[in-house]
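We did not get these values from a lab; they are worked out from the coordinates using the rules stated. Computed from a predicted model, the values in this text were never measured in an experiment. Neighbour counts run over all protein chains shown; Cβ positions are idealised from the backbone, glycine included.
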Amino acid sequence: MIKVEKRYSNLANDFLFKTVAEKRNKMSERFDDIIDLSIGDVKLPLSRSVVEKCKEASDEMAKIETFRGYSPNGGYSFLKDKIRKEYESGNISINNDEIFISDGTKSDISNILDLFSSDNTSLIPDPVYPVYVDTCIMKGINITYIDCNEDNNFLPLPDGRVADIIYICSPNNPTGAAYTKDELSKWVDYANYNKSVILYDAAYEAFISDEKYCRSIFEIEGSRTCAIEFKSFSKSAGFTGMRCGYTVVPKELVFEDMNINKMWTRRHATKFNGVPYIIQRAAEESLSYEGERECRKALNYYRENAKMISKTLQSISVKFFGGENSPYIWMKCPFGMKSWEFFDYLLSELRIVGVPGVGFGKNGEYFFRLSCFNLKDNIRVACERLKKLGDVKS
Ligand code: MLT
């Protein structure tokens, strides 16, 4: 008889964002003015130059001379060249065969566990993007949690505990906290010392505007022997629906005489047939001069939204983290409410949807995540409604 993977029964009943969406949808049956600040899904359309590039690439697919079938393993060099040059502009040197184009960070940071034995232990911050936890559970990897809280400004540093796989997301989802070079160096030294690997999720790097924060773990000396970096076009170019990202696996990454870059190359060739040509062309365009200019405009739009929410919370004396160098505002639930309690209150009384902090881990209890990914007019209305929390408080 077929045997099933029993570890799935150790997962939480539902994926956090699905539960949130279901509650939102239920309330939407009664109200048509609900403002969704929950999942970090972009709302602005693709930039004009990216759309033009998609059309051009579609036309190429319509002609026998320019039609393309399977993508080369790991992605097209036209896109890898652009990504490599982006790194070079930050004085980081990587090779094209260290870049792997994928359909996004979520898939790659999950799939990378194929390369590591389930005998490993992982160190996961709490609170955290639930995908890291779920995929470790699916694989049977033992998890140790490291506390992120107000005492360490949601930026934990190595505390002497040893683990094989270390998850770091900076700027952080959900707390918005970001590591400086000095802080990240401590993690790199720790990983090299213990022969651990750092899975570095830089999906929100485009939101960094303050130079003191790292945009890539490869800014740190020694990182090429211990880190894998995951990046995405989802937030930087509005590609949540297009699906494109990339993973950088340095060739120096060798554990137990096995070269991780070679292993990932092999895994890619076996299990992944690549991102569609049209999407890769679109991603390439988002890194062109004009594409970057337009994407920057969209990023600034969302940054202004984050500022508006932050100012509103300040005006009613609600404590929060993030909102700068990050699309997420990590607020303390007012009135000492627990996070799901505040979720229900906000949804029913103010018709705003966010994400309860406890959904990201136990340390998220009494916190709540708001996203800045919405249209400015909606953010304005949401802020007016949030001000009412101040009336109730006083
Ligand atoms: C989030 O809201 O945490 C993210 O958008 C989810 C994701 O990227 O999968």
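Here is how the numbers come out for the structure above:
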{"read-out": "Inter-centroid distance (Cα atoms) of region 1-69 relative to region 148-215, Å", "value": "27"}
{"read-out": "Value in Å of the Kirkwood radius, where the chain supplies the Cα pairs that are averaged", "value": "21.9"}
{"read-out": "Charge-dipole axis of the chain as Lys and Arg at +1 and Asp and Glu at -1 on Cβ define it, positive-most pick from G245, T312, N173", "value": "T312"}
{"read-out": "Trypsin sites (Lys or Arg not before Pro) lying in DSSP loop within region 181-242, provided at most 15 other Cβ fall within 10 Å", "value": "K195, K212"}
{"read-out": "Interatomic Cα distance distribution for region 177-263, bins of 5 angstrom, percent", "value": "3, 15, 22, 22, 18, 13, 7, 2"}
{"read-out": "Partner lysines for K26 [C-alpha distance under 17 Å; skip if fewer than 8 residues away on the same chain]", "value": "K18"}
{"read-out": "Peptides 98-107, 377-386, 1-10 ordered by average Cβ neighbours within 10 Å, highest first", "value": "98-107, 377-386, 1-10"}
{"read-out": "Positive dipole terminus of the chain, leading residue within L46, I198, C295 (C-beta point charges)", "value": "L46"}
{"read-out": "Cα-centre dipole for the chain with unit charges at Cβ (Lys and Arg positive, Asp and Glu negative), debye to 20", "value": "760"}
{"read-out": "Gaussian network model of the chain, Cα within-10 Å springs - most flexible of S315, S118, S326", "value": "S315"}
{"read-out": "Among beta bridges that DSSP assigns inside region 48-289, antiparallel share in %, nearest 5", "value": "40"}
{"read-out": "Ellipticity estimate at 222 nm from DSSP helix runs (n ≥ 4, -39,500 (n - 2.57)) divided over the chain, nearest 500", "value": "-11500 deg cm²/dmol"}
